[in-house]
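The next block holds one structure in the form of structure tokens; read it before the comments.
The values are calculated or read from the model by the stated rules, or taken from the named source; none is laboratory data. All values derive from a computational prediction rather than experimental measurement. No Cβ is skipped: glycine too gets one built from the backbone with ideal geometry, and neighbour counts run over all protein chains shown. We work out accessible area using only protein heavy atoms, side chains counted, and drop any ligands, DNA or RNA first. Shrake-Rupley method; radii C 1.70, N 1.55, O 1.52, S 1.80 Å.
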Amino acid sequence: MRPEPGRGPRVTARALPAALVLSAALTLVTAPGARAADRTSASAGHVFHVDCAAPAGGDGSRDRPWSTLAQANAQPYGPGDRLLFRRGSTCTGTLAPRGEGSATAPFTIADYGSAAARARLDGAGAHDTVLLSNTQYLRLSALEIVNAARPGSERNGVRLRLTDYGTARGIAVTGLYVHDVRGGDAKTLTGSSGIHVAVEGTARPSRYDGLEIAGNRIEDVDREGVYFKSTWSRRPLVGNQQDPHTYPGAWTPSTRVRVRHNTLRSLAGDGIKLDTTAGAVVEHNRVDGFQLRSPSANAGVWTFNTDDTLVQFNEVSGGGNTHDGMSFDADGASRNTVFQYNNSHDNKGGFLLLCPYSGAKTVGTTVRYNVSRNDGARLIQNCAGPVLDTRIYNNSFLNTDRIPAYLVQDDTPSPTTTDHELTVRNNIFVSRGQGGYALKNPTPGLRFDHNVFHGLPPAHLPANPGGTTADPGLRDDFRLTAGSPAHAAGQHVADNGGRDYFGTPLPAGAPTIGAYEGPGVH
């Protein structure tokens, strides 16, 4: 990705046992509260109803609901309160509720009634359809959210914003249908996105803790699907990618962020972008169609200025052009990012981008046990800048309809340290077409070993100790046929995640080359 700052002990996210990784990914722990927790947390709260088709003058009861968003915005909310919108009705404007819940009694915004259609909020060209500002312990769910009027200006479906707040805990955005959000093309602190998460301010370091974005359907959005950005981002690892006058705050990452089980389709720009987080998990998402209407650079799932991000069990496809257009990207100041057990296919830009620039570094990226089918342009690309201690191993790449121009497009000079910039090991690369798969500017820091290169032009093959060009018997489902020369022919990798793409446990000794460790299939 192109331009958009702390130190601490190196946390080996890639060394976590698989069971611990999955347990952490599937469990959302709510930390004890700050401000709101010392309110009447045991209170059952109040229920407020909104039906924008109801007569004016309602009091928020179910029999006499409020009929405007202005009424809903005027009410201060507290622990246990519920703000409910009638299914089948449409409210126009911006929902910007005031107040917060507690750790034991969150404030809930959802729906009520038995109509088949969802309760719908239409921003009608406002900057935000839903604005959740300086709040915590809040649950937003079940609504339909649109914002299509006056297309091209900055706007969002849902925007979460902290401004000099401190730590906001326990927010969940779940089960929404966000669509037709017609914003502009710029990536900014304030929009445009289906779900936008921004941390602002200059006086008090702020962050989210325990933020969950899950089970949402996001479609037809210009420009971003799920997008994070923070002014509290300065650290040495980021170099001069961010202007210290614009982003003055020392790196204060959001923690325990979970983005999972979301479906994103028809996106002008990026699918899911994380910024200034530590230990985030992005899993079980489906991104289908990104980089479709933006002239700028975009990727499917990517990280910027993050530590210890785990990206797993996602399916990403339909990258619309080659201005980036890859499924996955560890961008500038990304440290210890793990991409594992993902399915990437039919992306014009390719599979993976490693992209430091402007003095930043990308450090400790692990890419393992993923599958890639018909990803184009280049399978792997390095931007100019240090790509350090990066391991790409036991992935399977199959190209039939789209043959990449480059196996690796290496745009960076060799690093000045003794570290290898990139090790490519135990991978299967199979081409059933003609041509392609050149190496662009392969530098001394780029090393291959124990890979299978089958069907690639012999003149383009790199040195590959322990590898082979024999047919590995790679099936269309990425399993291997019986008698495959890839079986038990790989180099052992420590801290390998413990399982293959299909869930098969890995052996203590030499693994099978590629993403499949199971028995040969007849």
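Results, tabulated for the structure shown:
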{"item": "Gyration tensor (alpha-carbon) shape descriptor, region 63-105, a/c threshold 1.5", "result": "prolate"}
{"item": "Within-13-Å neighbourhood charge of Leu354 [Cβ basis; K, R +1; D, E -1]", "result": "-3"}
{"item": "Region 382-522 - percent of accessible surface contributed by carbon and sulfur, probe 1.4 Å", "result": "53 percent"}
{"item": "Sites Arg475 and Ala405 - FRET efficiency at Förster radius 25 Å, r taken between beta-carbons, to 0.05", "result": "0.45"}
{"item": "Interchain or long-range residues, amide H under 5 Å from Tyr77's placed H", "result": "Arg98, Gly99, Glu100"}
{"item": "Sites Arg204 and Asp59, calculated FRET efficiency, Cβ-Cβ separation with R0 35 Å, nearest 0.05", "result": "0.40"}
{"item": "Local net charge near Glu200, Cβ-Cβ under 12 Å (Lys/Arg +1, Asp/Glu -1)", "result": "+4"}
{"item": "Segment Ala488-Arg217, length gained on full extension (0.36 nm per residue, minus Cα span)", "result": "93.4 nm"}
{"item": "As computed over region 78-185, the Cα convex hull volume per residue (Å³)", "result": "99 Å³"}
{"item": "Total formal charge among the other residues, if their Cβ is under 10 angstrom from that of Leu131, Lys/Arg +1 and Asp/Glu -1", "result": "+1"}
{"item": "Fraction of accessible area attributable to carbon and sulfur, region 210-324 (%, probe 1.4 Å)", "result": "51 percent"}
{"item": "Spin-label model distance (nm) - Thr468 vs Ser153, 7 Å beyond Cα toward Cβ", "result": "6.4 nm"}
{"item": "Alpha carbon Rg of the chain, scaled by the compact-globule rule 2.2 N^0.38 Å", "result": "1.01"}
{"item": "Rounded, prolate or oblate (a/c below 1.5 giving rounded, otherwise prolate when a/b exceeds b/c) for region 253-383 by Cα gyration tensor", "result": "rounded"}
{"item": "Accessible area (Å², 1.4 Å probe, nearest 10) - Cys383", "result": "10 Å²"}
{"item": "Over 20 Å (Cα to Cα) - which of Lys229/Lys273; Lys187/Lys440; Lys187/Lys229 fall in this group", "result": "Lys187/Lys440"}
{"item": "Net charge dipole size for the chain [Lys, Arg +1 and Asp, Glu -1 on Cβ; Debye, nearest 20]", "result": "580 debye"}
